[in-house]
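**Q** Got a structure here, written out as structure tokens. Questions coming.
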Amino acid sequence: MAAAPLVVLGLALLLVEGASAEVGSVSTSIEEVGSKVLLTCALNHNDTQVTGHRWMKGDKVLKEDALTDLKTEYEVDAADRAGKYSCLFLPETVGRGDLAVSGPPKVKALKRSVKGDEGDPVTLACKSDSFPPVTSWAWYKMADSGHQEIVNGSQNRFFVNNSEARSELRIKKLNIKFDPGKYVCNGTSSLGSDKAVITLRVHSRLAAFWPFLGIVMEVLVLVAIIFFYEKCRQPEVVVDDDDTGTEPPKSSGHQLNNEDKSVRQRNPT
């Protein structure tokens with residue numbers, strides 16, 4: 001029973017957009033199946049051999065195959081269904097169907113974390129390809145005291161550029177003291193709103209110098225250790241004693257005593 005309203009809504013949207021329920025002889029339908037939404041395209045006639053199918057959401061390719069069937073299906077999560085979808089029977093000249101699935105917007109950050117150098121510009125961006133499209137964008141910076149709204153042109157450093165599918169916040173010159181933190185991008189359509197959080201990190205211009213300084217310090221410490229080690233392992237210098245040559249050898253004294261005894265023994269005869 002829950003499937004019928006969604007199917008009717010999908011067909012009504014297609015008719016409002018110029019009878020897109022049959023574009024290029026392709027019939028389309030939208031049906032809710034549990035937690036999924038089933039999108040279906042059927043080729044009504046086949047003058048050219050079908051070589052495959054391609055499903056797209058906006059400019060993004062979601063699925064592609066090489067099947068020759070005259071019918072193709074694609075499932076999306078009900079919570080993330082909103083957007084404009086297209087089914088193409090390949091080659092692309094065979095047929096195309098467009099399906100518009102309504103729902104609250106889904107805002108996504110192009111980059112959840114952005115890094116920049118102090119004094120340089122940086123751009124934060126988010127997007128939404130939901131249907132109906134986002135009609136209002138807002139930027140905030142998260143703080144302990146609450147969200148601080150960022151207005152276009154504020155402080156002559158913050159500039160906001162909006163379109164239906166995308167919003168950009170450009171910071172002209174990064175301030176390492178005030179600019180780092182979490183920024184919120186909020187998009188609102190006629191069916192609701194959604195937000196994405198982007199973390200901005202700002203590095204000092206001297207940040208690249210510290211690793212080099214650390215390497216230099218390591219080299220100096222290593223050289224000092226090698227020098228100290230070589231100094232400690234050098235052998236002690238032996239000092240010559242000049243007075244040792246004046247002392248008579250012990251063996252000479254012993255020999256003189258023996259000769260003196262021999263002389264005294266001969267004298268009596």
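The values are calculated or read from the model by the stated rules, or taken from the named source; none is laboratory data. Quick caveat: nothing in here was measured; it's all calculated off a predicted structure. All Cβ positions, even for glycine, are placed from backbone atoms using ideal geometry, and neighbour counts span all protein chains on display. Just so you know, the surface numbers come from the protein's heavy atoms only, side chains and all, with ligands and any DNA or RNA stripped out. Shrake-Rupley method; radii C 1.70, N 1.55, O 1.52, S 1.80 Å.
**Q** Using 7 Å Cα-to-Cβ label points, what is the Asn44/Val61 separation (nm, one decimal)?
**A** 2.9
**Q** Would you mind getting the accessible area per residue of the stretch 36-137, heavy atoms of the protein chains only, 1.4 Å probe, in Å²?
**A** In whole numbers, the stretch 36-137 has 50 Å² accessible per residue.
**Q** Where the only charges are on Cβ atoms (+1 Lys, Arg; -1 Asp, Glu), what is the dipole of the stretch 115-157 about its Cα centre, to the nearest 20 debye?
**A** 120
**Q** Can I ask one more? Which links in Lys127/Lys195; Lys173/Lys195; Lys36/Lys111; Lys111/Lys172 stretch past 21 Å when you go from one Cα to the other?
**A** Too far apart for the 21 Å limit: Lys173/Lys195; Lys36/Lys111.
**Q** When the accessible area of the stretch 77-234 is computed with all protein chains present and a 1.4 Å probe, what percentage of it is carbon and sulfur? Don't skip to the answer; put the middle values down first.
**A** Values: 5460 of 9650 Å².
Carbon and sulfur atoms account for 57 percent of the accessible area of the stretch 77-234.
**Q** Would you please put 130-136, 46-52 in order of how densely packed they are, using the mean number of other Cβ atoms within 10 angstrom per residue and starting with the highest?
**A** Values: 130-136: 18.6, 46-52: 13.1.
Going by the mean number of other Cβ atoms within 10 Å, highest first, we get 130-136, 46-52.
**Q** Still on this structure, please answer the following. Can you work out the Karplus-derived ³J(HN,Hα) for every residue in the stretch 128-138? Use 6.51 cos²θ - 1.76 cosθ + 1.60 with θ = phi - 60°, whole Hz, and x for glycine or proline.
**A** 8, 9, 6, 10, x, x, 5, 10, 8, 10, 8
**Q** Let me ask you something else. Under 20 Å from a label point 7 Å along Cα→Cβ of Asp80: give me every residue in the stretch 31-53 with its amide N that close.
**A** 31-40
**Q** Something else: Say the dipole of the stretch 86-225 comes from +1 at the beta carbon of Lys and Arg and -1 at that of Asp and Glu; which of Tyr183, Gln155, Ala165 then lies farthest toward its positive end?
**A** Gln155
**Q** Could you check the simple spin-label distance between Glu31 and Glu218, using points 7 Å along Cα→Cβ, in nm with one decimal?
**A** Placing both labels 7 Å beyond Cα along the Cβ direction yields 6.4 nm.
**Q** So what is Rg over Rh here for the stretch 39-91, counting just Cα atoms and using Kirkwood for Rh?
**A** Rounded to two decimals, Rg over Rh is 0.99.
**Q** Given the options Trp137, Phe89, Trp55, identify the residue whose Cα lies farthest towards the positive end of the charge dipole of the stretch 34-181 (+1 on Cβ of Lys, Arg; -1 on Cβ of Asp, Glu).
**A** Trp137
**Q** If I model a spin label as a point 7 Å beyond the Cα along the Cα-Cβ vector, how far apart are those points for Ser193 and Ile176 in nm?
**A** Once both label points are built, they end up 3.6 nm from each other.
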